[in-house]
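The values are calculated or read from the model by the stated rules, or taken from the named source; none is laboratory data. Here the structure is a predicted model, which means the values were calculated and not measured. Ideal geometry is used to build each Cβ from the backbone, glycine not excepted, and the neighbour counts take in all protein chains shown. Ligands, DNA and RNA are stripped out before the accessible areas are found, and what is left, the full protein with its side chains, is counted by its heavy atoms. Shrake-Rupley method; radii C 1.70, N 1.55, O 1.52, S 1.80 Å.
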Amino acid sequence: MSLQYALAGRFPYNPTLLLTTVGRRSGQLRDAALPYVPHGTDLVVVGSKGGGPTDPAWVVNARHHELCWIVLRRKTIAVRARVTDGERDPELFAYVVAHKPNVERYAERAAGFGRQIPLVVLSTVSGESLT
């Protein structure tokens with residue numbers, strides 16, 4: 001779907017996955033469509049929320065339930081989510097910014113609220129490569 005929007009709006013295409021997390025309080029399944037950055041055999045998604053003062057709900061859910069699912073290239077895959085940020089993993093943050101420069105701007109906005117932008121590394125439960 002994101003390809004269709006990119007073509008219609010003449011914007012560059014950003015590969016997108018569908019992340020399903022388990023709600024922290026409700027236990028209900030929650031979906032979020034997110035652009036991603038391939039990193040080795042894993043994928044990285046950014047919890048920027050536009051640089052706002054709070055983390056997105058899907059990040060909060062991933063912190064409490066590391067087991068999630070993604071839909072990638074029409075295939076559902078069980079993954080583990082490891083939540084980190086630029087302070088704890090500056091090399092990963094630099095890698096993501098090199099591929100998605102707008103993340104740095106979001107990080108600057110979030111810093112004004114005293115928040116670090118979380119990066120969520122998604123790895124398959126089976127150990128297979130996602131890239």
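Taking the simple approach of a point 7 Å from Cα along Cα-to-Cβ for both ARG25 and GLU91, what is their distance in nm?
The two pseudo-label positions are separated by 3.9 nm.
Among LYS75, LYS49, LYS100, which one shows the biggest mean-square fluctuation in a GNM of the chain, springs joining Cα atoms closer than 10 Å?
Result: LYS75 has the largest fluctuation of those listed.
Could you do me a favour and compute the accessible area per residue for the chain, 1.4 Å probe, result in Å²?
Result: 60 Å² of accessible area for each residue.
Looking at the chain as a GNM with Cα springs under 10 Å, which of GLY50, GLY23, GLY114 has the largest mean-square fluctuation?
In the Gaussian network model the winner is GLY114.
Taking the chain as a Gaussian network, Cα atoms linked when under 10 Å apart, which of VAL97, VAL79, VAL59 shows the biggest mean-square fluctuation?
VAL97
Given just the C-alpha atoms of the chain, how large is their convex hull per residue in cubic angstrom?
Expressed per residue, the convex hull around the Cα atoms of the chain is 115 Å³.
Just the number, please: carbon plus sulfur as a percent of the accessible area of the chain, 1.4 Å probe, no ligands or DNA/RNA counted.
53
If you stretched the chain out fully between ARG105 and ARG73, how much longer would it get, using 0.36 nm times the residue separation minus the C-alpha to C-alpha distance?
Computed gain between ARG105 and ARG73 is 8.6 nm.
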